[in-house]
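Below you will find the structure I want to go over with you.
The values are calculated or read from the model by the stated rules, or taken from the named source; none is laboratory data. Keep in mind that what you see is a predicted model, and the values were worked out from it rather than measured. All Cβ positions, glycine included, derive from the backbone under ideal geometry; neighbour counts span all protein chains shown.
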Amino acid sequence: MNLNIAKYTLLAATVSLAACQRDDDGYTEQLPAAEGNMSFSASFESSLSKAALHYDSEVPTSSSKIVTYFQSSDALSVFDGYANNKFTTQDNGANATFAGRAKASEKGYLALFPYNPSATINADGTLSATIPTKQNGGKLDGIIALAYTTASGSDFTLRNATSLIGLHTKGNIKSLKVESTHPIAGNVTVAMDAAGLPSVSGATEKTVELIDSQNGGYISVMPSTGANLVVNYTLNDGTNRTVYFRDVTFTRSQILDFGNIDELATITFDVSNIAGAAPINSYSVKQNTSPFLPNSIGEGITYNGWIGSDGNFYLKGETIQNIASDMSFVAIAGNEKILIFQYNGKSMFIQFKEGTAVTMPTVTEAPEGKVFKGWSESANPYQVQYEPGKDYVITVNNASRNIYAFYDYKDVTITLDANGGTFDDNTTKKEITHKYGTKVELTPKPTKAGQWFKGWDGAATHDFKSDVTFKAIWGAISKITYKDFNGNTVKTEDYNDGGDVTINNSIQLNAMIKAWNTKQDGSGTEYIPGQTYNGLTGNITLYPIKSDQKPSAIDRWTIIDF
């Protein structure tokens with residue numbers, strides 16, 4: 001259809017519904033068209049999936065989504081050239097049939113969504129409507145969508161003329177107000193171009209309030225480019241908050257969704273150290289976005305760039321990558337240089353004039369097990385080049401330069417307590433100093449008369465990463481008595497009670513020894529010669545057990561030669 005809808009003029013169509021024959025002049029008079037029942041099928045343009053009109057839940061929350069479909073409570077304003085007629089639907093879904101009464105129109109019909117009883121059609125075919133300055137974020141009552149169909153048409157494809165701003169909060173709100181540097185609401189003119197695309201203009205109001213929405217919502221505004229926004233909102237607990245948005249563009253039929261405004265990152269700028277610099281307002285951005293830094297801080301003002309609160313140096317107009325939290329930026333004067341000190345995953349900076357001395361800072365934070373020693377020019381330092389607290393003249397070729405912290409492993413002291421025993425030099429305690437995270441040997445070992453050294457109490461479970469005292473553990477000394485086949489004592493040996501014990505394998509008897517046993521008849525506990533056992537306690541008597549086989553010549557020789 002090649003119809004310029006912007007020039008669309010809904011003049012009164014004349015339809016001959018009745019004729020009145022005048023006896024005196026013999027002509028037929030045409031009466032105005034009569035109102036009759038009509039219905040239209042309506043749907044949204046596909047791009048409206050980004051600017052939908054209803055929430056997906058009855059009670060909107062910050063996680064609710066808005067989707068494109070009609071509800072049975074929706075209504076259209078249908079203009080027939082004579083009046084603004086209300087058409088309603090009983091349907092739910094992406095397509096709905098709207099029924100009502102209107103007059104026949106040769107020029108076709110113009111539909112406005114949602115129904116606006118105060119909207120009027122102008123002589124040039126444009127509509128006069130209103131974007132409210134107080135809107136219900138749950139009902140999205142500020143949206144303006146427009147459609148046209150011919151006189152014989154039965155379908156409306158609604159196209160959104162406004163933009164949507166999405167603002168949500170974690171806590172329930174009492175009030176929310178958006179203030180813009182550009183007009184965004186009020187009385188507007190709505191027109192359509194030859195392609196059937198709507199536009200809205202003429203707004204004069206710069207403030208819109210969001211009402212009756214617990215967790216924020218969506219605000220309909222007139223599209224614009226380069227607006228700065230201030231959003232003031234009050235939570236139910238009385239907390240007042242403000243967030244800022246800079247250089248915002250609202251595009252027709254799209255949502256600019258700022259998400260949860262409680263979790264926005266705020267960017268602030270400090271230009272107070274540069275004479276004549278123009279203040280720069282702070283503003284908010286969605287987390288994990290990458291905004292640009294200002295290119296200018298005032299006409300004729302020169303400066304090197306910005307130092308961020310993350311300790312990094314940024315050029316004019318540079319992109320800040322993936323902001324995850326609030327950040328502040330300090331402008332750096334053109335005659336100053338920057339030293340950026342990197343330490344323990346953090347950074348700080350010092351401004352100075354070229355050729356002047358800089359006092360090296362001291363930091364207390366350090367990686368686990370390490371201690372700060374000083375600074376180095378290397379990103380992987382192996383020695384201290386600049387001692388903390390001392391002054392140095394450092395050359396910075398460009399605007400900034402990185403200096404890196406040097407850390408050494410901290411010293412850990414282990415105290416060995418003989419616990420009643422003594423060391424070789426007759427002392428009762430020894431101290432071992434070692435580096436955190438390194439291996440350490442717990443020596444020397446003490447001695448104690450009549451007892452044996454079992455180890456150090458707690459050493460088996462200690463991580464050796466902090467100062468600690470270990471006490472010696474002492475065990476009793478018991479005896480093993482070896483008997484011959486007649487029950488006579490052959491040999492007696494001391495052994496460490498509870499420690500490792502190796503059964504004697506060198507005792508020669510007339511018969512071959514198969515094993516030793518704690519009972520002479522072999523019914524006790526058996527021990528094999530040459531094997532080592534652990535956990536034996538108390539005095540033990542062992543009796544030899546003969547082999548069941550007669551020894552061979554080699555065996556006999558082996559026994560004799562053993």
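Could you count how many residues in the range 286-318 are within 24 Å of N397 (Cβ to Cβ), assigned to a strand (DSSP E or B) and either in contact (Cβ under 8 Å) with a residue 40 or more places away in the chain or not hydrophobic (A, V, I, L, M, F, W, C) (or both)?
7
If you don't mind, another one. Looking at (1) surrounded by fewer than 23 Cβ atoms within 10 Å (Cβ to Cβ); (2) modelled with pLDDT of 90 or more, find the lone condition where I211 falls short.
For I211, the exception is condition (2).
Another question, if that's okay. Please indicate, with yes or no, whether at least one residue in the range 210-229 is part of a strand (DSSP E or B) and more than 25 Å from S282 (Cβ to Cβ).
Scanning the range 210-229, I find at least one residue that is part of a strand (DSSP E or B) and more than 25 Å from S282 (Cβ to Cβ), so the answer is yes.
Here is a further query. Given the options A460, A472, name the one that is small (G, A, S) and surrounded by 14 or more Cβ atoms within 10 Å (Cβ to Cβ).
A472
Mind listing just one residue for me: the one in the range 498-511 that is over 60 Å from the mean Cα position of the chain (by Cα) and crowded, with 16+ Cβ neighbours inside 10 Å and, of those, farthest from Q451 (Cα to Cα)?
I507
Condition check: touching a residue at least 24 places away in the same chain (Cβ under 8 Å), touching a helix residue (DSSP H, G or I) at 6+ places or on another chain (Cβ under 9 Å) and charged (D, E, K, R). Does K337 satisfy that?
Answer is no for this residue.
Identify, please: which residue in the range 402-443 is assigned to a loop (DSSP other than H, G, I, E, B) and closer than 15 Å to K471 by Cβ and is, among those, modelled with the lowest pLDDT?
Restricting to residues being assigned to a loop (DSSP other than H, G, I, E, B) and closer than 15 Å to K471 by Cβ, the top hit is L442.
If you don't mind, there's one more thing I want to ask. For the range 387-412, which positions are more than 27 Å from T433 (Cα to Cα) and surrounded by 13 or more Cβ atoms within 10 Å (Cβ to Cβ)?
If the condition is that a residue be more than 27 Å from T433 (Cα to Cα) and surrounded by 13 or more Cβ atoms within 10 Å (Cβ to Cβ), then Y392, I394, V396, A399, S400, R401, N402, I403, Y404 are the ones that fit.
Moving to a separate point now. Please go through the range 383-401 and pick out each residue that is at pLDDT below 90 and within 36 Å of the chain's Cα centre (by Cα).
Hits for the range 383-401 are V396, N398, A399, S400, R401.
Scan the range 330-342 and tell me whether some residue there is of a type in the set (G, A, S), outside the structural domain of T438 (by TED's automatic domain parsing), farther than 30 Å from F464 by Cα and modelled with pLDDT under 85.
Checking the range 330-342: at least one residue is of a type in the set (G, A, S), outside the structural domain of T438 (by TED's automatic domain parsing), farther than 30 Å from F464 by Cα and modelled with pLDDT under 85.
Just to be sure before I move on: is T489 at pLDDT 95 or above and loosely packed, with under 14 Cβ neighbours inside 10 Å in the structure I sent?
When the stated conditions are applied, T489 passes them.
Need at least 1 residues that are touching a Pro at 6+ places or on another chain (Cβ under 9 Å) per element, so show me which strands (runs of 3 or more DSSP E) inside the range 475-523 make the cut, counting only ones lying wholly within it.
Correct list: 489-496, 513-517.
Right, something else. Just to be sure before I move on: is L256 aliphatic (A, V, I, L, M), within 18 Å of V243 (Cα to Cα) and free of Cβ contacts under 8 Å to residues at least 24 places away in the same chain in the structure I sent?
Answer is no for this residue.
Which of the residues that make up the range 68-110 are among the charged types (D, E, K, R) and under 41 Å from the mean Cα position of the chain (by Cα)?
D74
Tell me, please, whether a residue that is more than 44 Å from the chain's Cα centre (by Cα) and assigned to a loop (DSSP other than H, G, I, E, B) can be found in the range 458-471.
no
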